[in-house]
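Presented below is the structure to which this report refers.
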Amino acid sequence: MKDAGRWDWFMDGVRAAIADVPGPAVSMNGAITSSPFKVLVATLISLRTRDQVTGPASERLFALADSPEAMIALGAPAVSAAIFPANFHPTKAERIVEVSRLLIERHAGQVPADMDALLALPGVGPKTANLVLAEGFGIDAICVDTHVHRIPNRVGLIDTRDPVQTEEVLRSRLPLKYWKEINRILVPFGQSVCTPVSPKCSICPLIEGCARRFKGPSR
């Protein structure tokens, strides 16, 4: 199977496996993805926090403040209370307010559609920046989280040592039409089927072509 055809097989199989599984909180919420600022803030909330917590926490916060100016006026203590029980909510609240302040000072209150400018904001790494570009601006970008790194390696599509190398390799191998989609579908797939420990290989549509590069038992 040629490289492009193998990626088609992979993406089709993942979509089939998650047909009835909710997608990531940030990517699937139209009220969030209509605003780059909301995508940025929701992604900051989502770090090391389950989607079941991220979605409601984001909605509570945006009901109180949905712009950099409103977020600063709300203040870190109120932001922290709104996003509780997100992990590290006091630290995330301070960061959200600081990012809001910098957006006003540096970018006239607008989220920049530029990777370098996004990475200059506190707490924003490549994963967050790519998600903002893809979901907030509709720009072709690859958001590499633990699932996007782990699963293509496990299946045998790539052979990389860390997320940074994974993004580099995917940029050269993954067809452009899948760049924005891959994170949206691999997150629920990695949470429900191709789990880090004891993956559910018996129900996976990819089983026949999967290299199964993992240690330990499967289900």
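Read the figures in this text as sums done on the coordinates, not as results from a lab. Quick caveat, the model's predicted, so the values are computed rather than measured. Here Cβ is always computed from backbone atoms with ideal geometry, including for glycine, and neighbour counts include all displayed protein chains.
For the stretch 25-137, relative contact order (Cα pairs under 8 Å, six or more residues apart, normalised by length) works out to 31 percent. Reachable lysines from Lys200, Cα under 20 Å, same-chain residues fewer than 8 places away excluded? The reachable lysines, counting only those whose Cα sits under 20 Å from Lys200, are Lys215.
Short-range pairs are left out: with C-alpha atoms under 8 Å and at least six residues apart, the relative contact order of the chain is 23 percent. Around the Cα centre of the chain, unit charges on the Cβ atoms of Lys, Arg, Asp and Glu (plus for the first two, minus for the last two) sum to a dipole of about 780 debye.
Expressed in nm to one decimal, what extension gain is obtained for the pair Ala4 and Arg161 from 0.36 nm per residue of sequence separation less their Cα-Cα distance? Write out the running numbers ahead of the final one.
Working: separation 157, 0.36 × 157 = 56.52 nm, distance 2.22 nm.
Taking Ala4 through Arg161 to full extension adds about 54.3 nm, to one decimal.
Regarding the chain, what is the average projected area of its C-alpha convex hull, in nm²? Please report the intermediate quantities before stating the final value.
Details: hull surface 47.3 nm².
That works out to 11.8 nm².
Residue by residue, the stretch 72-86 carries 3J(HN,Hα) couplings of 5, 5, 5, x, 4, x, 6, 4, 4, 5, 5, 8, 4, x, 4 Hz when phi is fed to the Karplus relation 6.51 cos²θ - 1.76 cosθ + 1.60 (θ = phi - 60°); x denotes Gly or Pro. The stretch 35-51 and the stretch 123-138 have their alpha-carbon centroids 10 Å apart.
For Glu98 and Asp20, what is the calculated FRET efficiency with R₀ set at 41 Å and r taken between the beta-carbons, to the nearest 0.05?
Step by step, r from the Cβ atoms, then E = 0.55.
Taken about its Cα centre, the stretch 25-137 carries a charge dipole of roughly 280 debye when the Cβ of each Lys and Arg holds +1 and the Cβ of each Asp and Glu holds -1. By the rule of a C-alpha distance below 20 Å, with chain neighbours fewer than 8 residues away ignored, the lysines paired with Lys180 are Lys38, Lys127.
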